[in-house]
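**Student:** Below: one structure in structure tokens.
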Amino acid sequence: MKLKEFAKQLGLSPTTVSRALSGYPEVSEKTRKRVAEEAVRLGYRPNINAVRLVTGRAGAIGVVMGRNEFQFSEFMSGMAERLDSEDIDILVSPVADHDMKAELQLYSRLATSGRVDAVIIHSPKPNDERILLLHKLGIPFLVHGRSETNVPHAWLDIDNEGAIRRATSHLLDLGHRRIALINGRDGLTFTLHRDKGYREALEQRGLPFDPRLVTHGQFTDEIGFRSARSFLEQSPRPTAFVAGSMMTALGVYRAVRSVGLVVGKDISVIAHDDVFPYLTADNMVPSLSTSRSSLRAAGARSADLTLQLLTGRPATEIHELWPVELILRESTGPAPEA
């Protein structure tokens with residue numbers, strides 16, 4: 001069935017039908033609902049190219065990703081699941097890691113080329129240049145994370161500060177006093193929030209902050225291993241670790257074993273788990289205590305919120321902060337006796 005035929009059966013113009021199916025706010029909710037229900041009943045699926053010509057939309061959401069950001073495969077899977085029924089594509093543009101100049105140029109090209117209708121930003125900084133640029137260019141965008149800029153923007157984030165505060169507090173409850181934090185790249189909003197949560201947990205117990213017990217870097221097995229080995233060579237050494245990711249925790253496990261110690265007995269470990277199907281906390285030996293929040297769910301919700309932006313919802317109304325659960329397993333135990 002073609003658009004004209006479908007519109008004729010509904011007694012509407014083809015333009016109105018196209019705009020209703022695309023969620024345009026100028027079409028009443030009652031009409032949008034009726035068109036959607038009839039499309040399902042009659043088995044009508046619009047020709048994507050025709051819809052794009054009528055609506056002026058590209059039918060795609062842009063995502064810029066660093067070449068080593070493998071963890072975002074789960075985020076992209078969540079986006080794809082949400083957008084599958086919307087006939088909207090995802091345009092992924094790779095960029096060299098930590099090259100802000102190149103990234104800004106890429107965002108400018110995306111916004112001015114007409115290839116995407118909206119953009120999702122990852123790993124924001126407190127004063128993020130990308131947010132200011134996209135705001136000036138007038139393209140809808142969502143930030144996965146948060147920024148402290150005064151530029152109004154839509155965002156979805158998890159409570160990183162609360163997650164690390166709870167993890168650190170639990171280790172303190174177990175009697176640990178020298179707790180090492182292996183955090184993400186320095187200068188990003190989420191790592192600053194995690195640093196804050198760690199410090200607050202110590203302050204609540206009247207314990208001083210020791211900068212020698214905190215490090216920042218990419219979430220990789222190798223960096224986790226090197227950082228943990230360095231901490232374990234200190235005297236006195238830490239008795240517990242808070243790892244920023246599951247990959248980091250793998251490195252911590254290796255480092256602990258390499259010096260003849262036992263995770264869960266000599267050294268306690270808690271990590272943040274983004275819920276990767278190929279790396280599960282329950283299958284690690286010993287099973288890993290984690291703060292937990294699904295990156296796939298965040299991808300699906302980010303796609304949904306971006307669609308809401310495209311239907312006219314103000315960016316200032318879209319501010320979601322997700323709580324993070326703490327799941328205790330075998331990798332955490334009482335601090336060893338001195």
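The values are calculated or read from the model by the stated rules, or taken from the named source; none is laboratory data. Note that this is a predicted model, so its numbers are computed, not measured. So basically every Cβ, Gly included, is an ideal-geometry build from the backbone, and we count neighbours across all protein chains shown. Quick note on the areas: whole protein, heavy atoms, side chains included, nothing else; ligands and nucleic acids left out. Shrake-Rupley method; radii C 1.70, N 1.55, O 1.52, S 1.80 Å.
**Student:** Inverting the mean 1/r over all pairs of different Cα atoms, compute the Kirkwood radius of segment 1-53 and quote it in Å.
**Tutor:** 10.8 Å
**Student:** Ok, one more. Can you tell me how much longer the chain between residue 185 and residue 230 gets when fully stretched, taken as 0.36 nm per residue apart minus their C-alpha distance, in nm with one decimal? Kindly include the intermediate steps, with their values, before the conclusion.
**Tutor:** Working: separation 45, 0.36 × 45 = 16.20 nm, distance 1.77 nm.
That works out to 14.4 nm of additional length.
**Student:** Okay, moving on. May I ask for the Rg/Rh ratio of the chain, computed from Cα atoms with Rh as the Kirkwood radius, given to two decimals?
**Tutor:** Working: Rg = 23.7 Å, Rh = 22.0 Å.
In the chain, Rg relative to Rh is 1.08.
**Student:** Comparing 45, 165, 199, which has the greatest mean-square fluctuation in the GNM of the chain with Cα pairs linked when under 10 Å apart?
**Tutor:** Greatest mean-square fluctuation among the candidates belongs to 45.
**Student:** For the chain, what does -39500 (n - 2.57) per DSSP helix run (n ≥ 4), summed and divided by total residues, give at 222 nm, in deg cm²/dmol to the nearest 500?
**Tutor:** Values: 12 runs with 144 residues, N = 338.
Rounded to the nearest 500, it is -13000 deg cm²/dmol.
**Student:** Rounding to the nearest 20 debye, state how big the charge dipole of segment 158-292 is about its Cα centre with +1 on each Lys and Arg Cβ and -1 on each Asp and Glu Cβ. Write down the numbers at each step before the final one.
**Tutor:** Working: 17 positive and 15 negative charges, 72 e Å.
Computed about the Cα centre, the dipole is about 340 debye.
**Student:** Bin width 5 Å, origin at 0, all Cα-Cα pairs of segment 136-235: what percent of pairs per bin?
**Tutor:** With a bin width of 5 Å, the distribution comes to 2, 11, 19, 20, 18, 12, 7, 5, 3, 1, 0.
**Student:** In a GNM of the chain with a 10 Å cut-off on Cα contacts, which of 317, 38, 74 has the highest mean-square fluctuation?
**Tutor:** 38
**Student:** Return one number: the angle in degrees, 0 to 90 and rounded to the nearest 10, between the long axis of the Cα atoms of helix 100-113 and the longest principal axis of the Cα atoms of the chain.
**Tutor:** Helix 100-113 sits roughly 20 degrees off the main axis of the chain.
**Student:** Related question: How far is helix 189-204 tilted, in degrees, relative to the longest principal axis of the Cα atoms in the chain, given as a value from 0 to 90 rounded to the nearest 10?
**Tutor:** Helix 189-204 and the main axis of the chain meet at about 40 degrees.
**Student:** What are the residues whose amide H is under 5 Å from the amide H of residue 327, where those residues sit 5 or more places off or on another chain and H is modelled from the backbone?
**Tutor:** It is 290, 291, 292, by chain and number.
**Student:** Give me the extension gain from residue 177 to residue 112: residue separation times 0.36 nm, minus the current Cα-Cα distance, reported in nm with one decimal. Walk me through the numbers on the way to the answer.
**Tutor:** Numbers: separation 65, 0.36 × 65 = 23.40 nm, distance 5.33 nm.
Result for the pair: 18.1 nm of gain on full extension.
**Student:** Please report Rg over Rh for segment 193-295, where both radii come from the alpha carbon positions and Rh follows the Kirkwood definition. Can you show the working numbers first?
**Tutor:** Working: Rg = 13.4 Å, Rh = 14.1 Å.
My calculation of the ratio gives 0.95.
**Student:** Among 102, 180, 315, which one moves the most in a GNM of the chain with springs linking Cα atoms closer than 10 Å?
**Tutor:** Comparing 102, 180, 315 in a Gaussian network model of the chain, the most mobile one is 102.
**Student:** With every protein chain left in place and a probe of 1.4 Å, what is the accessible surface of residue 220, to the nearest 10 Å²?
**Tutor:** Probe radius 1.4 Å; accessible area of residue 220 about 40 Å².
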